[in-house]
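Before any comments, here is the structure.
The values are calculated or read from the model by the stated rules, or taken from the named source; none is laboratory data. Being a predicted model, the structure only gives us computed values, none of them experimental. Here the Cβ is made from the backbone with ideal geometry for all residues, glycine too, and neighbour counts use every protein chain on show. Heads up: the accessible areas ignore ligands, DNA and RNA and are worked out on the full protein's heavy atoms, side chains in. Shrake-Rupley method; radii C 1.70, N 1.55, O 1.52, S 1.80 Å.
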Amino acid sequence: FAANGAKEPALPDQIALPPKVLAVLEQRLAQLSPAAQRLLQAAAVIGRAFDVAILAAAVQQPEDALVDMLDEAWRRRILREQGAAEYDFAHDKLRAVAYAQIGPARRRMLHRRVAAALRHQPPALAAAASLQIARHLSQAGEQEEAARYLVQAVDEAAARYAIPSLLAASTEALALLQALDPGRIQRDNQTAQAALIDERMWSWEMVGDMDAYLRDLETLEAISVALGDDTILTRSARLRAAALIRLGRYQEAEESALANATRHRAADAAQEAGICLTIVGRARRELGAYPAAVVAFEDGLALLESVKALIYQIHACSYLSTTYWLMG
């Protein structure tokens, strides 16, 4: 949920309701004036709970007329007040029926207006509403702009460590980018997908879904090959080794990470070698080979300190301290 935004994504055209229930709800909406019905349609585009300021931007009506229409819907108990500047549909099915009554052209227009209103909020609110903005832009037919806001939503969620939001935004962004470039010929698009997969993989690891993690890693490797990007391929090798630890395949993880560390050392890639040695230490620690784990962590730390890779030094120190604790 984003401040001044919508709780739910846009609704489908067809409403799965029994005919009698649908008829009752349509009759309730039909009791409103045509202007109030159009207002509710715009509100349905925003979400079940909606901010009056966003609604005003969508319908572009004078304030007096807007208030009259809101009061009419409130008196009919179709809307209920939620604080000083927000309303909510009395029931989500009312919102669904109101949304289904909007024609395609008007729907696209309303989604475009709502997206514009959300974008023109104060920067902090607009950033928090990135996912909602993207969804509205997508429904308005502006797919490339929607993809840009989905990427922003991923960044915003990552900054807050909001894992569910990050998973939702990255999954939607990837689907949209893949639809925009089904032939995988646009280099910028593929690079953007690789960055998003990186973020989503981290999220899968946080929620413990290593099967999904490995599926994304395979996709990342395929993109790396298509781009001819050795940097991504290099990272994917040690990411796979780290994933093997989470899967309990410690011996395999140690062998893979050690081979990568040796290769990176020969290429004078100190940071990558240091990261791989940290993974070697983690695998040895899980195998109970604590002295050998300490050697790997200390070797890795020396390399990481030489290039001032501070974040990875923190990781290595954390694992090393835990190993010392296990050793007593």
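One compactness figure for the stretch 57-201 is 1.23, namely its Cα radius of gyration divided by 2.2 N^0.38 Å.
In the context of the full protein assembly, Asp188 retains an accessible surface of approximately 130 Å², using a probe radius of 1.4 Å and ignoring ligands and nucleic acids.
With q set to 0.23 Å⁻¹, the log10 of I(q)/I(0) for the stretch 56-113, from the Debye formula over equal scatterers at the Cα positions, is -1.15.
Annotation for the stretch 239-328: trypsin sites (Lys or Arg not before Pro) lying in DSSP loop with at most 10 further Cβ atoms inside 10 Å of their Cβ are Lys308. Take the Cα radius of gyration of the stretch 204-289 and divide it by 2.2 N^0.38 Å, N being the number of residues; the result is 1.08.
The accessible area of Asp155, taken with all protein chains in place and a 1.4 Å probe, comes to roughly 90 Å². The longest part of the chain holding none of the exposed loop chymotrypsin sites (Phe, Trp or Tyr not before Pro), meaning those outside H, G, I, E and B in DSSP with at most 15 other Cβ atoms within 10 Å, is 162-328. May I have the convex hull volume per residue, in Å³, for the Cα set of the stretch 171-318? Considering the Cα atoms of the stretch 171-318, their hull volume per residue is 111 Å³.
Once the C-beta distance of Met327 and Arg76 is scaled by a Förster radius of 56 Å, the resulting FRET efficiency is 0.20 to the nearest 0.05. Measuring with a 1.4 angstrom probe and ignoring ligands and nucleic acids, Thr322 comes out at about 50 Å² accessible. Across the options Val294, Gly248, Ser236, the greatest Cα extent toward the positive end of the charge dipole of the stretch 230-297 (unit charges at beta carbon of Lys, Arg, Asp, Glu) belongs to Gly248.
Histogrammed with a bin width of 5 Å, the alpha carbon distances of the stretch 22-131 distribute as 2, 13, 24, 26, 20, 10, 4, 1, 0 percent, first bin at zero.
Remark: accessible surface ordering of His91, His264 (largest first) is His91, His264, probe radius 1.4 Å. Membrane-span-like helices in the chain, defined purely by DSSP H runs whose alpha carbon atoms cover 20 Å or more axially and whose average Kyte-Doolittle hydropathy reaches 0.5, are 163-180, 210-227, 290-306, 310-327.
Each eigenvalue of the Cα gyration tensor of the chain, multiplied by 5 and square-rooted, gives one semi-axis; in descending order these are 52, 20, 17 Å.
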